[in-house]
Every structure is written in structure tokens, then in C-alpha cells.
1. If residue B:240 meets every condition in (1) within 8 Å of another protein chain (Cβ to nearest Cβ); (2) free of Cβ contacts under 8 Å to residues at least 24 places away in the same chain; (3) within 30 Å of residue B:202 (Cβ to Cβ); (4) surrounded by fewer than 17 Cβ atoms within 10 Å (Cβ to Cβ) apart from one, which number is that one?
2. Assigned to a strand (DSSP E or B), in contact with a strand residue (DSSP E or B) (Cβ under 7 Å, 6 or more places away or on another chain) and surrounded by fewer than 24 Cβ atoms within 10 Å (Cβ to Cβ): does that describe residue A:229?
3. In the list B:223, B:212, which residue meets the criterion of being closer than 17 Å to residue B:166 by Cα and within 7 Å of chain A (Cβ to nearest Cβ)?
4. Can you tell me which condition residue B:112 does not meet? The list is (1) in a helix (DSSP H, G or I); (2) in contact with a strand residue (DSSP E or B) (Cβ under 8 Å, 6 or more places away or on another chain), and all the others hold.
5. Which residues, counting only those in region B:185-203, are farther than 23 Å from residue B:215 by Cβ and either out of contact with any strand residue (DSSP E or B) (no Cβ under 7 Å at 6 or more places or on another chain) or crowded, with 18+ Cβ neighbours inside 10 Å (or both)?
6. Taking region B:186-195 as the search range and keeping residues that are over 16 Å from residue A:205 (Cβ atoms) and at the interface with chain A (Cβ under 7 Å from one of its Cβ atoms), which one is modelled with the lowest pLDDT?
7. Would you pick out the residues in region D:81-101 that are more than 17 Å from the chain's Cα centre (by Cα) and part of a helix (DSSP H, G or I)?
8. What residue, of C:244, C:187, is part of a strand (DSSP E or B), under 22 Å from the mean Cα position of the chain (by Cα) and on the phi < 0 side of the Ramachandran plot?
């Protein structure tokens, strides 16, 4: 039985406690937070779990094999580093760290110590993203032409990290996963802050590749409506993934176009095809339980997790470049 | 009675013939197109209208006071120039020309000759855009924070001009109008072509201003669904304009946020407000008839048209810069 | 070339003129209406068509083979009778007549004279209804369990005939067609009038059969929104036909339930199945052109039209019984 | 502090335990169910609550002031009767009983004993229904013209009581509440069973009144989609309440019609008015907590609950008559 310690009981932490409690082969043995009220809330639901006030106390315990970090973004790197150095496997809430350099350093330590390092990109474990992944991998969509994802709503400003670190991280992790780690060669991003905090609350990211794929992400904390819509265009079919829909989350459009070779350069012929639409049934599983089980399995059986550290590295690499581009009004930042 | 000649009977031309035929104080006297079948179709509906094969024949007629151009984009400048030089008032299908320099030259000729020069930005004459304009002008929305517009569908590739010249032109003209000509100081745009034609079929444009306003436009010819949605965020209220909705095109959200001055810099307090939503009744008028009457009125009574040449200049200035930025993967192009 | 005369140029008549003008093997030779302005409007669009003021003038012309009636409901029977007696084939706007007795009399005359008698149930010629028909006929839906159709909006009160003669007629014709003329054994209907005219503006019809099928129709002229939604439940699949949707009109749900034989009578086990959803591509044809061509073909080649007189008879039989039931607050009216 | 005992821990019971635990001035002291697993589940969440296997044990306890029944429909009457006779206040899950006679008998006992008898019509405590009630009461909608409610989905067949006792009960309670207890004079209802259980899984109810109001309810357990939509037409405005919408549940349409007095009886003039639409903000409260607090307040302070026994009586009266009409294919059942 794997001993799990969970650090940070803010918005996401209690969900992690619940799902690791439900996961097989693991046991939540302690939680840590400086807020006594948060600790007490966990105690009333899970009386057997030890309550600690400091993360370091978790890392020192010999009955803890693995640590889960759900703390503010800037603490991800120092806490993960400490935990790894203390010999614990580590799962970090997204984003894995705040820079590519930090992720690489954590990876180096994990390798040296022979420990698992994993990031919690929860959406990868949803039935919807799993379905899209299988549509791409099976070739049903054809070659990837575009990925266009919008994730906006009103609320939950983060005072220290822009909206791309909070929202675009989800879209980037989904893109990385369904494209099997397709690497962008450059990024251009724009954004704006509407508060004295100077933190961008709206941002747009474009990713360029070595082929004619394009990826674009829209993030906003100040939209009057909640939209979570991802469009994935393939040369054969196109998919719309609407995460706000309660049941019909994915629509597969058997639509496309083709261009005929012109006889003379002024007469291209474009044909459009509009076919049937399919709404596949999506498995209704709790994604976070999948994350927990995947982490446990990686430790116990050495399996490679879906939301692995490479995924974390790829996403943080883009986030860092995108943030840099935002500050320069869209200047292209090369990723090669 | 103003004599009108209409050049170009492709997709849009017949609509112009119909609406100028319905407009007061004007009479369509001739149409020109090199395609005999198109001419014949007009003849069957409007037997009194003369059929010509060349635009120049229209410009030479003494019974023609004003010319309407609905020809391919690259012909806008040379034909408009000829018409003005021939002493005709000119209305040009959007975009007004292909570069800022061209527009300035046409304006100079129009000034010299004392003639009206106008562009057909049809959407400005819809009940929906008129409503949004009044919401902005009355101060009901508060200060403009963002403008985010998506115009995508599958079809109608233009083989010579990218999607921004075809679709983004609408969004830019709407932004220019409702913001009363607010000038961006820089533009960053990205895009990609999925055909051998090398013409971008997907593009994204970000506009920067001297304040914290941001404008962003998404254009695509290869979306499986038709979306025409514009979000306008103000400091007091936000508007969503969904042009695909048959009747409920505009929703006004009495929602917003405010940031409290923090006691210490690490504790910003953001308050969110979610209030009622209003769906105002929108006038159901034919926008193109409004264009026709506005053009006639400008000539006959010297009124300033809504879709005036300044609007055309502002939009073409941005299109030109955006296209340049697209070719450089988002490099910022300054507009000042 | 079949000579066609069209009587009645109100709301629907001009559409009939347009489509019979486009139909092969037929020619609109005259139209009749007592309103000179309506006649003039047709003249401007179809200068070759003769203008008459009385229906009887049409029936007397020897160059007219077939007559199309688009006149008020209560004139359908007398005018159709006159036209048949005059030796003309007849197509009547829905409903075919105002009672089963009237329809039977018209059928008897048509038989005696060897003439075609057809009703214009336009919806049967839409791609959507054709698709549903094929789903039922192929067995894909399984046994028909229910048909539930709602057709409501605000407007177009008929001052003399209740909403069921105006709107429910569409739903009944669709049911009759997709069920291949399945005959109800009884009807119960309710409704109410909200005006001094005493004509029901809201009505509900339930149809009973010899098996466990049920059909229900909701009709209203006083709904704030336009709804045209038909649900067809089968033992294998269920279909929702939403005619207000511009493109995605039909959704096929691979959902259902089954009941296990209980061991004791108090423990039934019901299993639910939720599967994929399919949105088939629907042919975008003008339904009324299909009506016109079907009528012409019936006359010229003796084919049996989709919207044949049996369809008209079945629908009028139910309408008459439903109206009787409405006046008696739902009292069951037997149809056998 | 009021001592509460809750009987029945199936689908709804645990929700009642949770909300009565949260209610002020009350304390859940015991729960009863014959299923040990259900009892154990409550124990793990509420260790202080006593676990009993029989309802009668609850009624015998002197520390229990009030009993809440969430048991199968046919047990409502005998258990409520026993509880009242034992001197306990009683709240019964909807429907209050299975016949008007049963409700009247319970009311008589409650009166005799000076005890509260209340039914749990949960929807009356939602922000949406409260809003509609205030729109009706303030006169904003004008005179009530129609009430048309649809509540359908796939699932949860009750093997002993038809769909009207399960679903229509909600719509009837909402109608009764917003109309301030307007009494129908007759009911006509239809329905059908698609299983060997012989229990109607689809049903339609029409209610008639002494004026031109009509109410109609559609209930189904075999729809492929979940719909919960209520339309309320007034002489001034109309409301659509869509309970499936997560936030925009209520739309108020400033639309209507008026009929002009005709000069001659053949020329009625109907005017239609389409105005703005408003989507008011709805309070997001847990309705069932409102039920619990209302019950406690009725006992402690003698206030009249919203979902009072008259509401229960009115609804059961209609359900009983509707079920009778269903069995007779819509025969009118008089309620006066």
C-alpha cells in the first residue's frame, strides 16, 4: 500500500484527497496546509488522515512514498525539488513549474533518484479527450490542420500569474496529448490586463509548426459566459469538443474540402463536402481518479502515465515562450 | 433622379441591383459584366436596365451619376480611380482597396473632383450593429475593454486574397464603427494556408491601442460549422452578438468585475457581479438597402455616410498591416 | 406540356406559381384572384401568364389540364368539385377539405371522371421527412412507440378555422406518411380560444391505436417562440426532428430501454441504454417543387403521388374528429 | 431544538438528511430504513444519528417532534396517518397521498391533533419558480392564458405508479402555486404503457377552468433527451422556464397579440407584438433546504408553508382524476 501525502488544501486539494482515497493500492496518510480551518474540514471527512501545517513535515515522514502538490504555481518547483530530494515520488498540479529550466532540473533529480515525476493535466483523463485522441490516432480525422480552443468565463483571477498559466495550460496539454507531442517551432501570443495587478486576464496564443498545422488558444477571465470549446480540423473530418455540454460533448463532422490542380494559375477549383455528423457516446468517468490511478500505477508498476513529465515539459516550454511573446505584443518567439 | 451604373454581377452585384432599384431618388440605368449569362439574368428581372460588357462603357455614359463596383478585390482601385476621373461618385464593395496608399490616392481624387467615395461595409447597417453602437455611445457598456469576433464557416475560398480580406474585413469595420474610429497603434496577426494556393484560410488578428483595450478577430474558411459571434466587453456591461441566431442576435449581460485596492500587494480582492441579461428587439431591416440609401443621400444632400471612406481607410490600413504580420508569424507591425 | 391554372394568390399561391413554373412538363397558363394587386404582382414576374378574376374562368379554359387551389379552407370542396366536374385534375392546398364526407365525394367524382385528385402536404417532400420515412421503413427505429409533435409560434390567426386545421394538419400528414397510413381508432383533443372569435388558438390532440402506439400533437398560435419539433420513439432508436434548426434537423438517438421478466410481480427490472447519436445529412431540396413534379407525374404517367388523396382523407378524418373532441373537452371520438 | 426523524433512505432520503442537518432550529435524531447498507452510509456521514430499521420505531420515540417520509408512494398515507396519530408533525415526499380521500383524512387528523402536515413540492422553493410567482402576482404577465409544461427523459420507471404520479406532480404543483390555487373544473388526460407492467410511461394532461385558461402537461420516461420546459402565457407577457439550462432558466418575452373589434364578422384584425426579452438573474439556492426550513418554521412559529397541505390536496385531486381519465382515453373527468 502506497503512502500518499497531499500538500495544499485550497480549491483543488480536497478533490485530490477524495480521489486518492478512492484509488486502489494507495492510502492518503497525511495532508498539509497552513490554514487550520482547511485541515479541519478534511479531518471531518477523513478522520484517519494526519493533519500537518508544513509541507516539509510531509517530506520527512518515512510512511510517505509519494507527495501530491496542489499549492500556488510559484511553489511548485521548490516544493517538488525538496520532495524529490527527500526521496518521494511527486505529482504536481498543473503547470508542472514556471519555466522549462525548472522542469528540466526536476527531471534530472527524478532520474538521479529513480523517482516518478508527474503533472496533473486532468483533462487528458476525460472520456472526451480520450475519444479525440483515438480519432486522431486511428487516422479517422486525417492529417491535423488546425486546433482552435477557447476557454473563457468570468471569475477566479489569479493575482500573480496570467490567464495563460491558469487556462491555456489545459488547452496546451490537450493539444500536446492528441498530437502525440507535436512540437511547435515558434509561438506568437498577445494579451492585455484590465486591472492594476498588471496580470493579463485575456490572452491569445498561436503556435507554428514545421508543416501547415496551426494551433490557437483563446483564454479569458472576463467573459460574461462560460465557453470551453475546442475545434480540431483534420484533412478528412473535423471535431468540435464542447465541454460545457452536459452529455453531447463531441461532434464529429464528416466535412472537408479539396483543391484541384488548376490548369492555369488563376482557376483553382475548391470542392466542399458536407456529410453526416456523429455524436459518440463518451465514457462518464471521474478524470481525477484516472490521474490518481495513473500516478500510483507508474510508481507501483513502472507504467508510463498519460500526463507524464514530458507533457509537463512541453506545456511549460510553450507557456514560458507565450508569456514572453505577450509582453512583446506578439513578437515571434522561436522554440527551436 | 440619380443615374446609377453597377459593375460586376457575381455574388454580390445582383443584390446591389435589387436594392438600388428599391432606393428612393435613384435609378439603376446600366449594369456591366463580361459574362453574358449574368447580364441576361438581370435583364429578365429588370428589362429597363441597359446591359454593357465593359466597366469603361459605364464610366463614359453621361446619364450615369454614380458607379457601384462589385468586382474582384484587385480591380477596386483601378476601376474606382477611372470612375472618379470620369466624374462619377463611387461606391466600392468591401474592402475599399488593397492598400492604404491606394485608398489615400482615391480620396485625393474624390476631393479634387468634389465627388463622393464610399465603401460598402454592409454590417454597419444591420439593426444589431446599430444597437451595439447605441449601447457603446450611450455609455451603457462603460469603457471598452475588449472586442473578440469570430467569423468562420466552410466554403468560398478566394484564390487570391487571404481570409482576412474576405472575412476579417467585416469584423474590423464593425469595430471601427462601434468604437467611433478608435485607432490601433499596432497589430499582430497569424495564419496558415492549407492549400497549394498559399492563401491563408485561417487567420487571427490582435489589435493594440494606447489604453488597455484589445481587439481580436478569428477568421476561417475551413470550419465545419458557421459561427459569427462577436463579444464586446465594457467596464459596466458586456454584449454578445450572435449573427447566426435568427431573432435573438444580441444579449446584454449586466456582469462585470472590480478590483479593490489591496492593503498589501499580495492580496488583491476581485469582486464578480452577475446580473440580469437583456435581449433587445432588433430592427429587421435590409442592411444593403440602407447602404444604397446612404450613398444616394450623401450625393444628393451631402450627408456623411455611416460606411464612409474614413471607415474604408481605417479598415484597409489594418488589413494591410495584418497581412504583413501574418507573413512574419505574428511580428508586431506598428500603425503609428 | 400540361396546362396549369392556379387559383388564389394569397400567402401560398405565389409559391405555387413559382414552383409550377419551374416544374418540367408543365406550364402555368393562368392565375385567378379577385384582388387586382395580387394579379399585377404575378404579371410583373411572369408576363406570359393570363390574369383572371374568377376561379370559374380557369375551369372553363380548354388549355388548362390541371387546377391548383390555394384558396381559403371552406372553398376547397366547392371549387375542387367544380374543377373536377369541368374535367380538370386538381391539387388542393392542405387540408384537402373540411370533412371526411367532402373528401369522399371528391374522390368519387375523380374516380368517375378518371382524374387526379391530390393534396399539398408540403412537408412530406422535405429531405427531413423523407429521411425519417426511410428510417422507419428500413426497421432501424424498430416498432413505433410514440410520435410527439409540437408546432407553435406567435401569429397568423385564422379567423374561421381553429389552429388544428392550420398547424396540426402538418403533423398529422407527417405521421400518416411515416407510419404508412397507420389508422387511429380513437382521438381525444382539447383546446381553448383566447379571442372573441371563439376559434381555438391552442389545441392538443392524442391519437389511439390498436397497439401501444400513441401520437400527440401540440398546436399554438400564441407562443412567444417558434418551435417545430417532432419526436419519434421506436423500440430500437428514437428520432428528434427539429425543423427550426437550419442544417442539423434530424438527430437519431441509439437509446432505449428494455424490461426483464420479473421473478415476482413486484420486481420489474428496467434497463436503459444510451448510445451514440447520429445527425444524417439531409437533402436540401425545395419541397414545393417536389409537390409540383409529383402532381405532374401523376397526371402524365399515372404514378401515385406521395401526398395522395388517401393521405388527404386520413388527415381530414382525424381533423374533423379532433375538432369535435375539442368542443367536448377531450371526449373520446371513435374512428372505427 | 426540534427533533427530526427521517423514514426512507432511497433516492431522496439522503438529500433530506443532509438538508435537515443544515437547517436551523432542527436536529436529525434518527433515520429508518430496512436496508442496512443505506443506514450504514448515513452513519459514515452523520455518526450522531440513530439508525432504525422500522418507521414505527421512529414514531414511538419521545425525542422526535417531526417525521419526514421519503418512502414509496403507496406507503405515504398509512405511515403519515400513524405518525400523526403518534403526535408527530409530518412532511411527506410528493405526492402527499394516492387519493383526495386519503389527503382529506390526513388533514382531519392533523387538525384534530393540532399538528403540521406538509408536502415536499421541492420545485416551489427554487429561485426560478419564485421568480415566476412574483411575475404573475405583480401583474407583469397580465391574465393567465396558458400553462404548458413538458418534463421528459429516459429512465427511472416506477413499476407501480404511472409517470403522472412521478413527473406531472411537479408541473401540477408549480401551476397550483403560481396561479395561487386556481382550481380546474375538469381534466382530460391520455397516456400509454409500453411495458408488460401496464403502467403509463407517457401521459398528457389537459386542465380546464371557468375562464379561458388552459393548462397542459406532457410527461414521459422514454424520451431520448431530458426536457424540462414550462411556458406560461399571459395577456401581457409570456415566460419560458427551461430548467435544464444551467443559469439562464427564465426568459420573459414582451410579446403578445390583440384582436380588434371587427366591423363585420368576417374581418377580425389581429395585431402581434414582439418586444424585448429579459433573462432575470435567479437566486441560486438549494430548494430542499428551503423545504426543510419552511417545515421547521411552520412547526416552531406557526407560519404557513409554501408547499402546504392545500397544495398537496389540490395536486393529488388532479392526479387522481387525470389517472382516471387516462384509463378512459381522455374522457373528461369533472372536478366540481
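The values are calculated or read from the model by the stated rules, or taken from the named source; none is laboratory data. Because the structure is predicted, anything quoted here is derived from the model rather than measured. FYI the Cβ positions are ideal-geometry reconstructions off the backbone, even for glycines, and counts take in every protein chain you see.
1. (4)
2. Values: assigned to a strand (DSSP E or B): yes; in contact with a strand residue (DSSP E or B) (Cβ under 7 Å, 6 or more places away or on another chain): yes; surrounded by fewer than 24 Cβ atoms within 10 Å (Cβ to Cβ): yes.
For residue A:229, the condition - assigned to a strand (DSSP E or B), in contact with a strand residue (DSSP E or B) (Cβ under 7 Å, 6 or more places away or on another chain) and surrounded by fewer than 24 Cβ atoms within 10 Å (Cβ to Cβ) - is met.
3. Working: B:212 fails: closer than 17 Å to residue B:166 by Cα.
Answer to the selection: B:223.
4. Among (1) in a helix (DSSP H, G or I); (2) in contact with a strand residue (DSSP E or B) (Cβ under 8 Å, 6 or more places away or on another chain), the lone unmet condition for residue B:112 is (2).
5. Taking region B:185-203 first, the residues farther than 23 Å from residue B:215 by Cβ are B:193-199.
Answer for region B:185-203, where residues must be farther than 23 Å from residue B:215 by Cβ and either out of contact with any strand residue (DSSP E or B) (no Cβ under 7 Å at 6 or more places or on another chain) or crowded, with 18+ Cβ neighbours inside 10 Å (or both): B:193, B:194, B:195, B:197, B:198, B:199.
6. Initially, region B:186-195 is screened for residues over 16 Å from residue A:205 (Cβ atoms), giving B:186-187, B:193-195.
Narrowing further to those that are at the interface with chain A (Cβ under 7 Å from one of its Cβ atoms): B:186, B:193-195.
Values: B:186: 98, B:193: 95, B:194: 93, B:195: 88.
Once the filter is applied, the top-ranked residue is B:195.
7. Taking region D:81-101 first, the residues more than 17 Å from the chain's Cα centre (by Cα) are D:81-89, D:101.
Result: D:81, D:82, D:83, D:84, D:85, D:101.
8. Working: C:244 fails: part of a strand (DSSP E or B).
Result of the check over C:244, C:187: C:187.
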